[in-house]
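Inspection log for the structure reproduced underneath, given as structure tokens.
Every number in this text was worked out from the coordinates using simple rules, so none of it is lab data. Quick caveat: nothing in here was measured; it's all calculated off a predicted structure. Virtual Cβ from ideal backbone geometry, glycine too; neighbours counted across all protein chains shown.
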Amino acid sequence: MKLYNGCEIPCPGFGTFKIPEGEICTESVVEAVKAGYRHIDTAAVYGNECSTGKGIRQCGVKQSELFVTSKVWNTERGYDTTLRACEKSLADLGLDYLDLYLIHWPANRMQFGDKADSINVDTWRAMERLVDEKVVRSIGLSNFYPQHMAAVLAGANILPAVDQIEYHPGLLQEETLALCREKGILVEAWSSLGRGKLLEDTVISGIARKHGKTTAQVIQRWCIQNGVLPLAKSVHAERIRENFAVSGFELSPSEMAEIAAIPEFRYGSHPDTAAF
Ligand SMILES: NC(=O)c1ccc[n+]([C@@H]2O[C@H](COP(=O)([O-])OP(=O)(O)OC[C@H]3O[C@@H](n4cnc5c(N)ncnc54)[C@H](OP(=O)(O)O)[C@@H]3O)[C@@H](O)[C@H]2O)c1
């Protein structure tokens, strides 16, 4: 896929949330690159940037051919703290630059009242500086819905390239998708597989059988056909390969609609009420 600033972003992406720091993380990243992934998603709060970086250096593919994302955690929001957080992520990863850096969660009104918008704007100003200093190639948001995005968009010199949100057939996020489409912001799907639980859905597994594909592959395909870049995590080589092999088939408009009609649910926190 392509970002509005012309940068290519490989699809799908490999997620590393909940992979513990250590050999298992390094091996999973190496396995992902071996399977064909060129896009690795991590975050300071995952606590595995050192091992993720080791995997990136050991995988045999040059960093220039990979796309690496990290995120500034909630405790580091603000101008100076965001600059320092990025520096630490780069040091932990052992990299000179990031392809994409995201604000992990917006400051929300429940926690910060009237100050929420200005905290997000200050954090965004630091993100812009990181681009100016060529430390990161693209910047974006995560878990920002239209109500959180408004202040950032109004004051931005550089528009966000990405918004990474919980998105899957049970959470269609129509308003956020519409705003992102209007502004040229690419939406990335976290927990695209519903942390694995969506794989038990009988509607999706029925469609998967018809295509000779797995349920995970159909969900990833469904995201892509909606113009959303899916991220999936696994520590198992077979599943890593399975989740990457999502090209070469097409869901029909009626299958797309059937999948979108499964009951609504949310696995993660809502950004308006997240208290972390
Ligand atoms: N920005 C944010 O706030 C945010 C929040 C959450 C996640 N993310 C990003 O999005 C990525 C993906 O989301 P996620 O990790 O929450 O959930 P996910 O990718 O939807 O699901 C991961 C779970 O599904 C299992 N799984 C994966 N592929 C499978 C397959 N083919 N068959 C059966 N089970 C399978 C994994 O188990 P095994 O590992 O045991 O195979 C794991 O338990 C994260 O890793 C992270 O990079 C971002």
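Structural remarks
- For the residue pairs LYS210/LYS233; LYS18/LYS88; LYS183/LYS213; LYS62/LYS210, the alpha carbons lie more than 30 Å apart in LYS183/LYS213; LYS62/LYS210.
- Close amide H partners of LEU171, meaning residues 5 or more places away or on another chain with modelled amide H under 5 Å apart, are PHE265.
- Cα coordinate range in the stretch 13-260, projected on the principal axes (Å, largest first): 52, 41, 28
- Using θ = phi - 60° in the Karplus curve 6.51 cos²θ - 1.76 cosθ + 1.60, the 3J(HN,Hα) couplings for the stretch 221-228 round to 4, 4, 4, 4, 5, 8, x, 10 Hz; x is entered for Gly and Pro.
- Whole-Hz Karplus values for the stretch 50-66 come out as 4, 6, 5, x, 4, x, 5, 6, 8, 6, x, 10, 5, 4, 5, 9, 10 Hz, taken residue by residue from phi with 6.51 cos²θ - 1.76 cosθ + 1.60 and θ = phi - 60°; glycine and proline positions read x.
- A straight line joining the Cα centroids of the stretch 92-107 and the stretch 208-276 runs 24 Å.
- Rounded to 5, the percent of DSSP beta bridges in the stretch 13-260 classed as antiparallel: 5 percent
- Figure legend: label point modelled 7 angstrom from the Cα of HIS211 along Cα→Cβ; residues of the stretch 166-183 with amide N under 14 Å from it are 169.
- With each label modelled as a point 7 angstrom along the Cα→C-beta vector, the GLN147-GLU175 pair spans 0.7 nm.
- Spatially proximal aspartates and glutamates relative to LYS2 (Cα-Cα < 16 Å; intrachain offsets below 8 disregarded): GLU65, ASP99, ASP163, GLU182, GLU188
- For LYS115, the aspartates and glutamates whose Cα falls under 16 Å of its own Cα, not counting residues fewer than eight places away in the same chain, are GLU76, ASP272.
- Value in Å of the Kirkwood radius, where the stretch 199-276 supplies the Cα pairs that are averaged: 13.8 Å
- Ascending count of other beta-carbon atoms within 10 Å, so fewest first, for VAL61, VAL45, VAL152: VAL61, VAL45, VAL152
- Here the gap between ALA237 and PHE276, fully extended at 0.36 nm per residue and compared with their Cα-Cα distance, gives a gain of 10.8 nm.
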